[in-house]
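Student: This is the structure I have questions about; it appears just below.
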Amino acid sequence: MVTQKLNDDYFMRKALSLARRGLGKTSPNPMVGALFVRDGTIIGQGYHRRYGGSHAEVNAIEDAKTEINGATLYVTLEPCCHHGKKTPPCLNELLKYKLGRVVIGTADPNPQVNGRSIEAFKKRGIETTVGVLGEECQRLNEVYFKHIQTGMPFVTLKFAQTLDGRIASAGGDSRWISSEPSLKLAHKLRSHHDAVLVGAGTVLADDPRLTVRLVRGRSPLRVVVDSGLRIPPKSKVLQEQETAPTLIAATSCADRGKLSSLKQKGIEVLNVSEGGEGEVDLKDLLSKLGERNISSILVEGGAAIITSFIRRKLADRLVVIVAPKLMGAGTDAVGDLGIPDVSRALKLSLVKTYRSGEDLVIDARPLTDKA
């Protein structure tokens, strides 16, 4: 049993490594890796390369160098078993063969799957093991799990700050706090998300393009939270609509003249509920974006937006780039959260910390109250 567990862990790690190759390309589908093994040797492998393309299991079948009957299938996520997708159910393809064993990292929470494929394998008399490196397989697809279970996008907050917590100087200057490798990291993160979001204040202060340029990858949908349509029509975020469309989230109090002008230029303005003091209700915005199959959002600030997401407990992940610099004054990365004492401070789980050029990158998840 010990040897089998070691083998299962080893091959599931291989499948996870394959799955990660689809990062930023499969949304709103999950990333999946699969491989067939016989006598300790991989005879076929594949991963979900892009949305609309063949799934991992089918690619592994096509990659097989020898007959897969009798082989063990390792797959990071329960194979799909439902129609209505761009590709046929993987379960049907797999059941054409007499598999010796099936090892699955985690069940698929999609209500149309959710254990049905696992039961189908068992009914065929195929030995089926579920939960091998289960936590890692779930973490791989935390975006997919959040979206499929709640209908809401997975929200990542990303910001660069000095060691004393400033994201801008007292004069408002914020370029460039982080190092060049960290700037590339920021663009890489954009390419991994369906949308990138900022507040109107960031557009007015920095006039960012919010596209992917320093690395290879797609540019996400650009979302600007601008309740009163304050940003000027020449803003860079309103250009390049053919390759990186922009959506402005506004409220019913927005200027009608500006609304008409933006629509004439092909800029979509989404009417969102007010969340108090005329501001956009962020939860309503996330819900509306989730309905559009936006499964992940990268929030790049500024401080007001970052603070609002944290205060409303709408953030799922924080990526904080800490530059080895001190400013002593300026704009704090996070504003008042209404926390009265240290015992009630928001606790974070550190998933990963690493160097990026001169900077330290902290990748963390907010802990829930139950934790």
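Student: What distance in nm separates the two pseudo spin-label positions at S287 and R21, each 7 Å out from Cα along the beta-carbon direction?
Tutor: For the pair S287/R21, the computed spacing is 4.1 nm.
Student: Whole number please: convex hull volume per residue, Cα atoms of the chain, in Å³.
Tutor: About 165 Å³ per residue, rounded to a whole number.
Student: Tell me, what is the FRET efficiency for T150 and T66 to the nearest 0.05, using R0 = 35 angstrom and their Cβ-Cβ distance as r?
Tutor: Working from the Cβ atoms, E equals 0.25.
Student: Using a Förster distance of 45 Å, how high is the FRET efficiency between L204 and R344, based on the Cβ-Cβ distance and rounded to 0.05?
Tutor: Using R0 = 45 Å, I get an efficiency of 0.85.
Student: Where Rh denotes the Kirkwood radius from the mean inverse Cα pair distance, what is Rg over Rh for the range 244-305?
Tutor: Radius of gyration relative to Kirkwood radius: 0.97.
Student: If you don't mind, there's one more thing I want to ask. Ignoring ligands, DNA and RNA, please state the percent of accessible area on the chain from carbon and sulfur, probe 1.4 Å.
Tutor: In the chain, the share of accessible area belonging to carbon and sulfur is 49 percent.
Student: Remind me, relative contact order of the chain in percent, using alpha carbon pairs under 8 angstrom and six or more residues apart?
Tutor: Across the chain, relative contact order equals 15 percent.
Student: Using a Gaussian network model of the chain with C-alpha springs under 10 Å, which one of Q161, Q45, Q241 is most mobile by mean-square fluctuation?
Tutor: Comparing Q161, Q45, Q241 in a Gaussian network model of the chain, the most mobile one is Q241.
Student: Same structure, new question: Using the Cα centre of the range 1-45 as origin and beta-carbon charges of +1 (Lys, Arg) and -1 (Asp, Glu), tell me which of L18, F36, N7 is placed farthest towards the positive end of the dipole.
Tutor: The residue sitting most towards the positive pole is L18.
Student: Treating only the Cβ of Lys, Arg, Asp and Glu as charged (+1, +1, -1, -1), what charge dipole size does the chain show about its Cα centre? Round to the nearest 20 debye.
Tutor: 800
Student: Using +1 on the beta carbon of Lys and Arg, -1 on that of Asp and Glu, and nothing else charged, what's the dipole of the range 1-111 about the Cα centre, debye to 20?
Tutor: Dipole of the range 1-111, to the nearest 20 debye: 300 debye.
Student: Still on this model: If you average the C-alpha positions of the range 210-243 and of the range 70-148 separately, how far apart do those two centres end up, in angstrom?
Tutor: Between the Cα centres of the range 210-243 and the range 70-148 lies a distance of 38 Å.
Student: Related question: Rounded to the nearest 10 degrees, what's the angle between the helix 282-291 long axis and the longest principal axis of the chain, both from Cα atoms, 0 to 90?
Tutor: It works out to around 40 degrees.
The values are calculated or read from the model by the stated rules, or taken from the named source; none is laboratory data. These numbers were taken from a predicted model, which means no experiment stands behind them. Quick reminder, even Gly has a Cβ in these numbers, built from the backbone with ideal geometry, and neighbours come from all protein chains shown. Quick note on the areas: whole protein, heavy atoms, side chains included, nothing else; ligands and nucleic acids left out. Shrake-Rupley method; radii C 1.70, N 1.55, O 1.52, S 1.80 Å.
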